[in-house]
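Below is one structure, written out as structure tokens, with a few remarks after it.
The values are calculated or read from the model by the stated rules, or taken from the named source; none is laboratory data. Computed from a predicted structure; not experimentally measured. So basically every Cβ, Gly included, is an ideal-geometry build from the backbone, and we count neighbours across all protein chains shown. To get the accessible areas, we keep the full protein, side chains included, count just its heavy atoms, and leave off ligands, DNA and RNA. Shrake-Rupley method; radii C 1.70, N 1.55, O 1.52, S 1.80 Å.
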Amino acid sequence: GGDALLFYASVDAREDGLFTTTSRSFAVVGVAADIPTAEAIAADALDAAGDGLRVREDVGTEELVQSRVAHMASLRD
């Protein structure tokens, strides 16, 4: 386990629950000392949220973060 943070932007609170109003309504961020552990924490938090969510698992992966770091380094050269 670990800490997971929820950031939301486009949701509607109704008597029968919380509903997304558009795509990309929220983000779940795992907090850990390394990216693989943070990914696992975020995945566990999303699993606990239940069914009905469309989840993009390509955002925030170690591979993606490293490619962005390399890109920024190349721009600085």
(request) Could you tell me whether the chain comes out rounded, prolate or oblate from its Cα gyration tensor? Rule is a ≥ b ≥ c as square roots of the eigenvalues, rounded for a/c under 1.5, then prolate if a/b exceeds b/c, otherwise oblate. (result) prolate
(message) Among Asp58, Asp44, Asp16, which one shows the highest mean-square fluctuation when the chain is modelled as a Gaussian network with alpha-carbon springs under 10 Å?
(response) Asp16
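Cα gyration tensor of segment 29-74, axes a ≥ b ≥ c as square roots of the eigenvalues: rounded (a/c below 1.5), prolate (a/b > b/c) or oblate?
Oblate, since a/c reaches 1.5 and b/c is not below a/b.
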(request) Show Asp34, Asp47, Asp77 ordered by accessible area, largest first, where the area counts protein heavy atoms only and the probe is 1.4 Å. (result) Asp77, Asp47, Asp34
(request) Using only Cα atoms, find the angle between the long axis of helix 35-49 and the longest principal axis of the chain, and express it within 0 to 90 degrees, rounded to the nearest 10. (result) 10
(message) Please compute the length gained on full extension between Ala48 and Ser74, using 0.36 nm multiplied by the number of residues separating them and subtracting their Cα-Cα distance.
(response) 5.4 nm
(request) Go ahead and estimate [θ] at 222 nm for the chain from helices alone: -39,500 (n - 2.57) per DSSP H run with n ≥ 4, summed, over the residue count, rounded to 500. (result) -13000 deg cm²/dmol
(message) Take the chain, mark every one of the GluC sites (Glu not before Pro) that falls in a DSSP loop and has at most 15 other Cβ within 10 Å, then report the longest stretch left between them, sites excluded.
(response) 16-56
(message) Test of the criteria: in the chain, which trypsin sites (Lys or Arg not before Pro) are in a DSSP loop and have at most 11 other Cβ atoms within 10 angstrom of their Cβ?
(response) Arg24, Arg54, Arg56
(message) Rounding to the nearest 10 and keeping the result within 0 to 90°, find how far the Cα-based axis of helix 62-76 lies from the longest principal axis of the chain.
(response) 50
(request) Quick one: compute the contact order of the chain, relative version, from alpha carbon pairs under 8 angstrom and 6+ residues apart, as a percent. (result) 24
(request) Tally up the carbon and sulfur contribution to the accessible surface of the chain as a whole percent, 1.4 Å probe, everything protein left in place. (result) 52
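Quick one: accessible area per residue over the chain, 1.4 Å probe, rounded to a whole number of Å²?
82
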